[in-house]
Amino acid sequence: MANPKAKMSKSRRDKRRAQFNARTKAAVTVLCPNCGEPTLPHRACRHCGHYKGRQVTGKIVVA
């Protein structure tokens, strides 16, 4: 079994873990074919409520 030869400080541990979050990719967005607003793929448009050419939710009313 592998064992650490010396204790790793919290600072060193956190610096190593920070690299994972620094390399994460930005969220992918696609344009809604109905209204043209950017939306997440495979999800209903938050602006117009369409998904795959169908109305699945109501529109968001901005007051």
Practice task
Using the structure shown, decide if K5 is basic (K, R) and surrounded by 10 or more Cβ atoms within 10 Å (Cβ to Cβ).
Solution key: no
Problem - Of all residues in region 48-58 being closer than 14 Å to G36 by Cα and surrounded by fewer than 16 Cβ atoms within 10 Å (Cβ to Cβ), the one that is modelled with the lowest pLDDT - result: G53
Practice task
Could you please let me know if A6 is outside any strand (DSSP E or B) and modelled with pLDDT of 90 or more?
Solution key: yes
Handout entry: Criterion (of a type in the set (S, T, Y) and surrounded by 10 or more Cβ atoms within 10 Å (Cβ to Cβ)) met by exactly one of T24, T29
Key = T29
Practice task
Spot the failing condition for K15; the list is (1) assigned to a helix (DSSP H, G or I); (2) of a type outside the set (D, E); (3) touching a strand residue (DSSP E or B) at 6+ places or on another chain (Cβ under 9 Å), and only one is missed.
Solution key: (3)
Practice task
Quickly run through region 12-47 and pick out the residues that are hydrophobic (A, V, I, L, M, F, W, C) and modelled with pLDDT under 90.
Solution key: A18, F20, A22, A26, A27, V28
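The values are calculated or read from the model by the stated rules, or taken from the named source; none is laboratory data. These numbers come from a predicted model, not from an experiment. In this analysis, Cβ positions are derived from the backbone assuming ideal geometry, glycine residues included, and neighbour counts consider all displayed protein chains.
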